[in-house]
Amino acid sequence: MSRRLLLLTALAVLPLAAGSASAGWITITNDTNMVIVIQDSGDGKRPGKGKLIRLMPGETHREFQLGAGDKKVQIFEVNAPKKPLFEGPMKWKADDLSLSVQPDGKTVKLGAPVPPVAPVKPVAHR
């Protein structure tokens, strides 16, 4: 095969391969009133500590994932990096996932975002 034909074949097949793969965004929002640090502690394929993600109150972090997966996550208060507030698994399917770090007593939990509360309209008295 000539180089030109090989290149054209590769360019024709590439969109088909890319279209069949599922991917998505993982979004984590800090819904606490403290500065937190999130760190993944690896998965079964890649042991070790991951990068540190610092989130201010109300701040959001987005991370693109090529497919379904899971990893262990630790969440710390920025002023107490030795004592995790949360330690547990984070699993996702091959589509978008939104998570929220929420206060839970003296610790935090990682779960589904809390829906916003709709404002209450005052009732007119007659």
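Quick notes on this one:
- Count of residues meeting criterion [within 12 Å of the chain's Cα centre (by Cα), in a strand (DSSP E or B) and either closer than 14 Å to PHE86 by Cα or of a type in the set (A, V, I, L, M, F, W, C) (or both)] in region 97-119: 6
- Where a residue in region 52-72 is over 22 Å from PRO103 (Cβ atoms) and its partner, wherever it lies, is acidic (Asp, Glu), with Cβ under 7 Å and at least six apart: GLY69/ASP43; ASP70/ASP43; LYS71/ASP40; LYS71/ASP43
- Across region 18-32, a minimum of one residue is classified as modelled with pLDDT under 90, surrounded by 13 or more Cβ atoms within 10 Å (Cβ to Cβ) and assigned to a strand (DSSP E or B).
- In region 68-87, residue farthest from THR107 (Cα to Cα) [restricted to those that are β-branched (Val, Ile, Thr) and in a strand (DSSP E or B)]: VAL73
- Any hit, region 41-61, residues being in contact with a strand residue (DSSP E or B) (Cβ under 7 Å, 6 or more places away or on another chain), of a type in the set (D, E, K, R), at pLDDT 90 or above and assigned to a loop (DSSP other than H, G, I, E, B): yes
- Listed by first and then second residue, the pairs with beta-carbon distance under 9 Å, at least 6 apart or on different chains, first residue in region 24-40 and on the phi > 0 side of the Ramachandran plot, second among the basic types (Lys, Arg) and in a strand (DSSP E or B), form an empty list.
- The set of residues from region 94-115 being of a type outside the set (Lys, Arg) and either in contact with a helix residue (DSSP H, G or I) (Cβ under 7 Å, 6 or more places away or on another chain) or farther than 29 Å from GLY69 by Cβ (or both) comprises just one member, GLY105.
The values are calculated or read from the model by the stated rules, or taken from the named source; none is laboratory data. No experiment lies behind these values; they were computed from the predicted model shown. As a convention, Cβ positions derive from the backbone with ideal geometry for all residues, glycine included, and neighbour counts pool all protein chains shown.
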